[in-house]
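Colleague: Structure provided below as structure tokens; questions to follow.
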Amino acid sequence: MEKKGVLFTVKVPAGQEFSVMRLLYKRAEYEGLRIKSMIFVPGLRGYIFVESDREYDVRILTGGVRRAKLLPGRPVSFEELSDVLIREPEVIQVKPGDIVKIVKGNFKGYRARVISQVFGGRGRKYVAVKLLNIDRDWEVQVPIDSIKIEERAKETATEKEAEEWPGVEYEE
């Protein structure tokens, strides 16, 4: 049975994680060190996690490399890093009539009313919105991840009755 390694934290200059990781990989390969893997998390700039059984191997790996420094302290377990590595995407449910605020893009800061949902190419969702608080009626499509819901649409009486009496359909 293979012994499970632990992750040692290596501090590197922010933005140079990938190049330092390549350098460390070549060095570990050349010196024959027992390094199992190296992890670079885009959300944690300036850090690389090196998996190994022994701290000695990581010290030899980072020793003499000016841009990489092994951080002192206890190693990091996979469970501690799992919430950073595995991130569940936030699902935004919008309905026509919802009031939203645009948080990214050309219309950042504007409030808008949702008209409909549109599915774009490559699985990306867009929302057709009508901008509020401006002189003209502008309808634009914005990505669903660039909006934040401010107010939910008010339900009509027939929708409330349909929820109370399931199986009964109302015709208007």
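Colleague: Is it fair to say GLY105 is touching a residue at least 40 places away in the same chain (Cβ under 8 Å), in the same structural domain as GLU139 (by TED's automatic domain parsing) and not in a helix (DSSP H, G or I)?
Modeller: In short, yes.
Colleague: Another one. Do you know which of the residues in region 1-39 that are outside any helix (DSSP H, G or I) and charged (D, E, K, R) is modelled with the lowest pLDDT?
Modeller: In this case the residue turns out to be GLU2.
Colleague: Specify the residue that is surrounded by the fewest Cβ atoms within 10 Å (Cβ to Cβ); the eligible residues are those in region 127-149 that are of a type in the set (Asp, Glu) and more than 12 Å from ILE92 (Cα to Cα).
Modeller: ASP135
Colleague: Scan SER52, SER37 and give me the residue that is touching a Phe, Trp or Tyr at 6+ places or on another chain (Cβ under 8 Å) and within 10 Å of LEU7 (Cα to Cα).
Modeller: Checking each option against the conditions leaves just SER52.
Colleague: What residue, among those in region 40-57 that are among the aliphatic types (A, V, I, L, M) and assigned to a loop (DSSP other than H, G, I, E, B), is farthest from ALA28 (Cα to Cα)?
Modeller: Among them, the one singled out is LEU44.
Colleague: Taking GLU17, is it free of Cβ contacts under 8 Å to residues at least 40 places away in the same chain, surrounded by fewer than 15 Cβ atoms within 10 Å (Cβ to Cβ) and not basic (Lys, Arg)? Working first, answer last.
Modeller: Details: free of Cβ contacts under 8 Å to residues at least 40 places away in the same chain: yes; surrounded by fewer than 15 Cβ atoms within 10 Å (Cβ to Cβ): no; not basic (Lys, Arg): yes.
The answer is no for GLU17.
Colleague: Which count do you get for residues in region 5-34 that are in contact with a Phe, Trp or Tyr (Cβ under 8 Å, 6 or more places away or on another chain), within 14 Å of VAL76 (Cα to Cα) and of a type outside the set (Val, Ile, Thr)?
Modeller: Counting residues in region 5-34 that are in contact with a Phe, Trp or Tyr (Cβ under 8 Å, 6 or more places away or on another chain), within 14 Å of VAL76 (Cα to Cα) and of a type outside the set (Val, Ile, Thr) gives 3.
The values are calculated or read from the model by the stated rules, or taken from the named source; none is laboratory data. Bear in mind the structure is a predicted one, so any value in this text is a computation, not a measurement. Quick reminder, even Gly has a Cβ in these numbers, built from the backbone with ideal geometry, and neighbours come from all protein chains shown.
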